[in-house]
Amino acid sequence: MRAIIIGAGRGRRLMPTTENAPKCFAEIRGKRILDWTVDALAAGGVTDICFIGGYLIEAVQREYPHFTFRHNREWEDNNILVSLMCAEDLMDRPFVTTYADILYTGDIVAKLVASRADIALGIDTDWRTHYQPRTQHPPPDAEKTITRNGRVRRVHRRISYEDANGEFMGVAKFSLRGADLLRSHYHLRRREHWDKPYREAAQFQKAYLIHLFQDMIEQGVVFGHEDTHGQYREIDTQEDLDIAQREWAL
């Protein structure tokens, strides 16, 4: 199982922390977010790591020479979905993909790796507690989910606070078949929508990963899920960083 870490963006909302360093270098309790990520992946049995970089990729290359790297050279003009596909050539085996600005534990990685689903999303079922102190990143910004009978029925920011029973963490697992489904749907929509609006994105290049996920769900692709209850934090703002310094603990 390979890991693909999506870490190309600058993280402007975390300034001044990201003024001279990648967002994943921000430290929580004396440890970089990226090191928390690597440790969680390893605890879940995933040690072959590809890092998709853009902003200050050379810093990550210098500090983590054992990673495989893919360079998103147009990182300022695209978003998470297009960024992930910079590592499309490495999707020739099962993989776990993860955002680079989140904290989670090895338990959710192990459950995703063991999942029988071709595509499985990591979901935090305690997401409301997580969002209570986040004044700069309120619930409407959450990548909320509705799950039922072991399947993800919807993943969308516009799911109501009351209806959502979880939040997509940014960690997902793909079998070889799941990877093929992801790639085929991506290229279909890319041909149709490049430089054009795509779902809620002003243009395809600016689409989020969940835009394609929801599209695939509507086309009948089955998405499974594995859950954690609170062992997850997103670090998007200085407020998030401060909260994690106080509250994050294994």
- Cβ-based charge dipole, segment 103-239, positive-most Cα from 186, 108, 201: 186
- Using +1 on the beta carbon of Lys and Arg, -1 on that of Asp and Glu, and nothing else charged, what's the dipole of segment 127-250 about the Cα centre, debye to 20? 560 debye
- If r is the Cβ-Cβ distance from residue 199 to residue 248 and R0 is 30 Å, what FRET efficiency results, to the nearest 0.05? 0.40
- Query: What lysines could a cross-link reach from residue 23, if we take a straight Cα to Cα line under 18 Å and drop same-chain neighbours fewer than 8 places away?
  - Reply: 31
- Note on the structure: Counting only protein heavy atoms and rolling a 1.4 Å probe, one gets per residue an accessible area for the chain in Å² of 43 Å²
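How much length is gained on full extension from residue 105 to residue 158, taking 0.36 nm per residue of separation minus their Cα-Cα distance? Before the final figure, lay out the partial values.
Numbers: separation 53, 0.36 × 53 = 19.08 nm, distance 2.72 nm.
Here the segment from residue 105 to residue 158 would lengthen by 16.4 nm.
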- Give the ranking of 98, 147 by solvent-accessible surface, highest area first, calculated with a 1.4 Å probe. 147, 98
- Item | Furthest towards positive pole of dipole, 210, 235, 164, structure part segment 161-240, Cβ charges | 210
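Using only helices, what value at 222 nm comes out for the chain when you add -39,500 (n - 2.57) per DSSP H run of length 4 or more and divide by the total residues, to the nearest 500 deg cm²/dmol? Can you show the working numbers first?
Values: 8 runs with 75 residues, N = 250.
That comes out to -8500 deg cm²/dmol.
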- Message: Using the Cα centre of the chain as the reference point, and only Cβ charges (+1 on K/R, -1 on D/E), how large is the resulting charge dipole? Debye, rounded to the nearest 20.
- Response: 480 debye
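From the protein chains alone at 1.4 Å, what is the descending order of accessible area for 58, 239, largest first?
Details: 58 95, 239 35 Å².
Greatest to least solvent exposure: 58, 239.
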- How high is the relative contact order of segment 56-186, given as a whole-number percent (alpha carbon pairs under 8 Å, six or more residues apart)? 30 percent
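Ignoring any ligand, DNA or RNA, what whole percent of the accessible area of the chain comes from carbon and sulfur when the probe is 1.4 angstrom?
Values: 4870 of 10780 Å².
Within the chain, the accessible surface is 45 percent carbon and sulfur.
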- Query: Tell me, what is the 1.4 Å probe accessible area of residue 107, in Å² to the nearest 10?
  - Reply: 110 Å²
- When only DSSP loop residues count, what chymotrypsin sites (Phe, Trp or Tyr not before Pro) in segment 182-244 have their Cβ near at most 13 other Cβ atoms within 10 Å? 194
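The values are calculated or read from the model by the stated rules, or taken from the named source; none is laboratory data. No experiment lies behind these values; they were computed from the predicted model shown. Note that we place each Cβ from the backbone using ideal geometry, even for glycine, and neighbour counts take in every protein chain shown. These accessible areas exclude ligands, DNA and RNA; they are computed on the full protein's heavy atoms, side chains included. Shrake-Rupley method; radii C 1.70, N 1.55, O 1.52, S 1.80 Å.
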